[in-house]
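A short worksheet on the structure shown next.
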């Protein structure tokens, strides 16, 4: 399994992402060929080798004929993507990234999403950056993306609206729920486009996970900053647990068919039974476990010794967070012991997209069996938000989303 770790120690932008992916070995000719199907004109892509603080990196320059550029709405961008010959997963991811940009701009300007006209982020270079990044991930066969906390920089940046604080309002809006820090550099390190790309691709944000590196690449930003590389580093490899199984702890090998159609990883289940703790404390505990990196947390009512009702607590963790989470359970519950079991998790390969409904755009999660779309589900929070906005029952919004999913993804063709 190809795992890519995006090390955003100097932030992330669209051109830095393209530069790093080209530095990994992506042929620029293949990138140009794929993007040529976009129904827009007036752009070219060039990759050049540069050195930053003694490190060799790749800088990608996207040149644009400004006479052919224009401001666009989210609907315009969707039409451009859907009018291309890009693979469905590439288009879905690009649509998702632009949806994030549109919703961030709408929140900042307090306007409906459909009335947002993109400026800097809607220009041709942003279309190339976002569609190009999603295409590059596909061409390189990257199946999973994990990212570091994001360096944003600090200070002020000048744009069409005048001077704005760094991180820019749209950038920090997109990065809600993601660990960020300034990095102590007075510059805009992370752009809205870069934020939209990484939040669309990354499944989690945190320290470097256990992995076996195969390639390390650097994508250079356009500016040269004093004493900084101004690069995005991408480490490509495979999860260490999947490559170094232990005969004593690893589950038996799955069938070839299951492995061929799912993404697998080795995780750990931390579990214990508790019958003497204030039940009010469980809510706070579960929140803290998720914040500390748990993949999943749940509890089950159980009957314990002396006929006392109790709780069986289960925490799903990766190797990087296992010990921290186990220590948290021991510290913050009344238990004196716990069990840790190794399990193998299989997940459908997934991407995210957006559908249009009478109540507005709804984000959807797409699951693949090989290259076939197996299931598509609307995001609950999106449906709830639109139901509240239109003052209608949640079930109506959900049913409208399901109907559009059936029409768009599963309706018979021909």
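In table form, for the structure just shown:
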{"quantity": "Bins of 20 Å from zero: percent of alpha-carbon pairs in the chain", "calculated": "24, 55, 20, 1, 0"}
{"quantity": "Listed peptides 11-17, 30-36, 403-409 by packing density, highest first (mean Cβ within 10 Å)", "calculated": "11-17, 30-36, 403-409"}
{"quantity": "Within the range 292-307, backbone nitrogen closer than 20 Å to the virtual label 7 Å beyond the Cα of residue 334 toward Cβ", "calculated": "298-307"}
{"quantity": "Packing-based ranking, highest mean first, of 388-401, 126-139, 346-359 given that Cβ atoms within 10 Å are counted", "calculated": "126-139, 346-359, 388-401"}
{"quantity": "Within the chain, helix-based [θ] at 222 nm, where runs of 4 or more DSSP H residues each add -39,500 (n - 2.57), nearest 500", "calculated": "-10000 deg cm²/dmol"}
{"quantity": "Potential lengthening between residue 380 and residue 314 on full extension [0.36 nm per residue; Cα-Cα distance subtracted]", "calculated": "21.4 nm"}
{"quantity": "Angle in degrees between helix 88-109 and the longest Cα principal axis of the chain, rounded to the nearest 10", "calculated": "90"}
{"quantity": "Calculated diffusion of the range 256-346, Stokes-Einstein form, Kirkwood radius summed over Cα pairs, 25 °C and 0.890 mPa s, µm²/s", "calculated": "175"}
{"quantity": "Cα-based convex hull volume of the range 3-241 per residue, rounded to whole Å³", "calculated": "117"}
{"quantity": "Debye intensity ratio I(q)/I(0), log10, the range 322-414, q values 0.17, 0.19, 0.22 Å⁻¹ (C-alpha model)", "calculated": "-0.77, -0.83, -1.00"}
{"quantity": "Two-site label geometry, residue 159 and residue 324: point separation in nm, points 7 Å out along Cα→Cβ", "calculated": "3.1"}
{"quantity": "Principal-axis tilt of helix 280-291 within the chain, Cα atoms, nearest 10 degrees", "calculated": "40"}
{"quantity": "Between helix 319-332 and the chain: long-axis angle, C-alpha atoms, 0 to 90°, nearest 10", "calculated": "50"}
{"quantity": "Gain in span if fully extended, residue 409 to residue 240, counting 0.36 nm per residue against the direct Cα distance", "calculated": "57.3 nm"}
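Read-outs: derived from the displayed coordinates by stated rules, not from any lab. Predicted, not measured: the structure shown is a model, and the values here were computed from it. Every residue, glycine as well, gets a Cβ built from its backbone with ideal geometry; the counts of neighbours run over all protein chains shown.
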